[in-house]
1. Got a sec? How would Phe210, Phe82 order by Cβ neighbour count within 10 Å, fewest to most?
2. Taking the Cβ of Asp324 as the center, what net charge do the other residues with Cβ under 15 Å away carry, scoring Lys and Arg +1 and Asp and Glu -1?
3. Per residue of the chain, what 222 nm ellipticity follows from adding -39500 (n - 2.57) for every DSSP H run with n ≥ 4, rounded to the nearest 500?
4. Lys/Arg Cβ at +1, Asp/Glu Cβ at -1, dipole of the range 28-330 taken about the Cα centre: which of Thr108, Gly226, Leu301 is farthest positive-ward?
5. Which of Lys69/Lys100; Lys69/Lys255; Lys100/Lys221; Lys67/Lys224; Lys201/Lys224 have a Cα-Cα distance over 20 Å?
6. Find, to one decimal place in angstroms, the Kirkwood hydrodynamic radius of the range 21-175, where the mean of 1/r is taken over every pair of different Cα atoms and then inverted.
7. Mind listing the phi-derived Karplus ³J(HN,Hα) values for the range 264-277, rounded to whole Hz, using 6.51, -1.76 and 1.60 with θ = phi - 60°, and x for any glycine or proline?
8. Counting just the Cα atoms, what span does the chain cover along each of its three principal axes? Round to the nearest Å and put the largest first.
Amino acid sequence: MTTAPYPALRMRRGRSSAWMRSMLAENRLHPSDFILPLFICEGSGAEEPIGSLPGASRWSVDRIAAKAKEAASLGIPCIALFPNTPNELRTDDAREALNKDNLICRATKAIKDAVPDIGVLTDVALDPYTSHGHDGMVDGAGWVINDDTVAILVEQAVVQAEAGADIIAPSDMMDGRVAAIRSALEDGGHQNVAIMAYAAKYASAFYGPFREAVGSLGRLKGDKRGYQMDPANIEEALREVELDLAEGADFVMVKPGLPYLDVVARVKDAFGVPTFAYQVSGEYAMIEASAAAGAGDRNALILETLMAFKRAGASGVLTYHAIDAARLIQG
Ligand code: PBG
């Protein structure tokens, strides 16, 4: 590339008017870039605000379809569902995860019945169902047992697919779960149910508000560093993605989002597959706290951070700001 030196070339010419900036924009946000995570609770007519996630709530099953309809009407293509399992149903073996009538299955059916055109993504992991808050079965030493956990995750995935889930998203970071889930979905006649693997999921301090939302916060003994990735690593993330793709993942995800955009960019460059990012609860809370403190304009912070995902190469973003952002984009 040859570049004429100043003053022949003035980069600011390209920034000199709104139409010029619009014409030259390399990336654009669109409502179809977003996946909206929603939390579900028991009860009827219920909306439970989540303290550490201001502006987000848990909704009872009878109100979830209305939220899905609102998202669909704004052009948001997909919803991710997370349950707040009643305390008395949380056990060491997470058996409520396999109940065909659990919160996730009822919410999935309610949405698919009322809003057939929006996708439903369901999370495969046991933390909303275990008494100890870990994503799998735990042995006496506190270690999450890989293969026993995978066997349950497979059943959980099939139960979700039978309820109508379109995308199964394993967020547990067990080894070998994608292959096991893919083969069970094929055997069960769910060939069109996709897998979005949380392929590079880090042991992060940014998940706090989510754990409050699903009710696992006070329960968690220890931490998740025995299965989620070390924030120091990126080569390992590429290896995780390669493995999940080899096992049959259709799409991959990097999580958290903003602090891990380098990982998003490397994964997208290396594999060229649909690569999603999860702007997680702590990131959302940071933006809200910053805006509430008067440190920045809320709408601008939302759009700028979401644009950063596009620039890094993300195919889409799971974000609690999906509805706000879709409204802002549509003006
Ligand atoms: C559970 C799961 C977590 C998130 C999504 N699925 C929490 C965790 O791993 O502890 C976090 C999402 C967020 O913080 O918004 N396996």
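1. Numbers: Phe210 25, Phe82 21.
Fewest-to-most ranking of Phe210, Phe82: Phe82, Phe210.
2. Values: positive: Lys67, Arg298, Arg327; negative: Asp33, Glu70, Glu283, Glu288, Asp297, Glu304.
Once all neighbours under 15 Å are counted, the net charge is -3.
3. Values: 11 runs with 128 residues, N = 331.
Computed ellipticity for the chain at 222 nm equals -12000 deg cm²/dmol.
4. Checking the options against the dipole of the range 28-330, the answer is Leu301.
5. Details: Lys69/Lys100 24 Å; Lys69/Lys255 27 Å; Lys100/Lys221 28 Å; Lys67/Lys224 31 Å; Lys201/Lys224 11 Å.
Lys69/Lys100; Lys69/Lys255; Lys100/Lys221; Lys67/Lys224, as the Cα separations exceed 20 Å there.
6. Working: mean 1/r = 0.0605 Å⁻¹.
Roughly 16.5 Å, rounded to one decimal.
7. Going residue by residue, I get 4, 5, 5, 4, 4, 5, 6, 10, x, 10, x, 10, 9, 10 Hz, with x marking Gly and Pro.
8. Principal-axis extents of the chain (Cα, largest first): 70, 44, 40 Å.
Every read-out reported here was derived from the displayed coordinates using simple, explicitly stated rules and does not represent laboratory data. What you are looking at is a predicted structure, and each value in this text was computed from that prediction instead of being measured. Methodologically, a virtual Cβ is constructed for each residue, glycine included, from the backbone with ideal geometry; neighbour enumeration extends over all protein chains shown.
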